[in-house]
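The values are calculated or read from the model by the stated rules, or taken from the named source; none is laboratory data. This structure is a prediction, so every number in the text was calculated from the model and none was measured. No Cβ is skipped: glycine too gets one built from the backbone with ideal geometry, and neighbour counts run over all protein chains shown.
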Amino acid sequence: MSNDNDIGATLADICEIAAELVLPLWRSGLEVLTKADESPVTVADQRGEKLILEHLARLFPGVPVISEEHASEFGTPDAIGPRFFLVDPVDGTKAFVRGDPNWTVNIGLVENGRPVAGAVCAPPTGETWFTSGGKTMKRTKGGPAAPVHVRPWPKSGAIALVSHTMKDETKQKLMAEYGFEVPEPMDSSIKFCRIAEGGCDIYPRHGPTMEWDVCAGHAVLEAAGGTVLTPEGKPFVYGKAQDGFRNGWFVARGG
């Protein structure tokens, strides 16, 4: 990674500023609107995104940004250059609306199809994970940052993070396919971070996501020693403008 791309700590600062803006709106009974794709959106998503975009424009002028709420309102570009940001101001909006704590603020930087820097903040717990110097660092609000790393695949009791809405037969199929024993439901990109810090082992995603949902978490997990690959073991790439920045299936793993 070039020094120009070692910006995870700066992205973490922006995520935390956005978290301070958004957190008071959590569990506040705010109005939930429905986007064209039937997914929910709140004023928290909109305000958080506006703040993040302002900071990125000031600190990284000229670097394009693809962000969730802007994309849902105006569409995604037909083409994108080799270096750009992906922003999801509130990943896990459904959890946010339910009052659950597993939602995150995300900024990732892509270069030549790969995530090269990223930061993920979990406002309810004050935790932030970010890339720095080829490693992943974690800090909790008010505390110092320390490196985190994936754990080796356990001899027994491997934990997979799965969707809350996953059906039992799907869980059984994935358990047989990937060899984990404990499926644990969890929302949002925090799944990547829990694997990155060695708390869990695998996140198989056989379903739709958008690039902004996963880029920052992918960067964090990879810098912590993990992988994000297609189910066939091929690189998971970004900048899929021709597909509207939609992702295919992927598998995120620890050690």
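Below is a table of values for the structure above.
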quantity	calculated
Subset of segment 124-183 (residues that are part of a loop (DSSP other than H, G, I, E, B), surrounded by 14 or more Cβ atoms within 10 Å (Cβ to Cβ) and among the hydrophobic types (A, V, I, L, M, F, W, C))	145, 150, 158, 166, 180
Filtered residues of segment 102-123 (kept if more than 14 Å from residue 194 (Cα to Cα) and either of a type in the set (A, V, I, L, M, F, W, C) or surrounded by fewer than 24 Cβ atoms within 10 Å (Cβ to Cβ) (or both))	105, 107, 109, 110, 111, 112, 113, 114, 116, 117
Total residues in segment 33-46, condition surrounded by 14 or more Cβ atoms within 10 Å (Cβ to Cβ), of a type in the set (A, V, I, L, M, F, W, C) and at pLDDT below 80	1
In segment 210-250, the residues that are among the β-branched types (Val, Ile, Thr) and over 19 Å from residue 91 (Cβ atoms)	227, 230, 237
Tally of residues being in contact with a Pro (Cβ under 8 Å, 6 or more places away or on another chain) and basic (Lys, Arg) across segment 91-102	1
Of all residues making up segment 81-113, the number that are under 14 Å from the mean Cα position of the chain (by Cα) and in a strand (DSSP E or B)	14
Filtered residues of segment 2-52 (kept if on the phi > 0 side of the Ramachandran plot and in contact (Cβ under 8 Å) with a residue 12 or more places away in the chain)	27
Residues that are assigned to a helix (DSSP H, G or I), within 15 Å of residue 93 (Cβ to Cβ) and in contact with a Ser or Thr (Cβ under 7 Å, 6 or more places away or on another chain), drawn from segment 26-66	45, 49
Residue selected from segment 228-249 under the condition free of Cβ contacts under 8 Å to residues at least 60 places away in the same chain and crowded, with 19+ Cβ neighbours inside 10 Å, by the criterion farthest from residue 67 (Cα to Cα)	228
Residue within segment 69-90 that is touching a Pro at 6+ places or on another chain (Cβ under 6 Å), more than 20 Å from residue 11 (Cα to Cα) and modelled with pLDDT under 95 present	no
Residue under evaluation residue 62, criteria (1) surrounded by fewer than 20 Cβ atoms within 10 Å (Cβ to Cβ); (2) farther than 26 Å from residue 237 by Cβ; (3) at pLDDT 95 or above, criterion not met	(2)
Criterion: outside the structural domain of residue 243 (by TED's automatic domain parsing) and either of a type in the set (S, T, N, Q) or over 29 Å from residue 112 (Cβ atoms) (or both) - qualifying residue of 89, 82, 40	40
Residues satisfying the stated conditions in segment 66-101, i.e. among the acidic types (Asp, Glu) and buried (at least 19 other Cβ atoms within 10 Å of the Cβ)	68, 69, 88, 91
One residue from 214, 251 being under 19 Å from residue 153 (Cβ atoms), β-branched (Val, Ile, Thr) and not in a loop (DSSP other than H, G, I, E, B)	251
Where a residue in segment 91-119 is more than 19 Å from residue 252 (Cβ to Cβ) and its partner, wherever it lies, is among the basic types (Lys, Arg) and not in a loop (DSSP other than H, G, I, E, B), with Cβ under 8 Å and at least six apart	111/83; 112/83
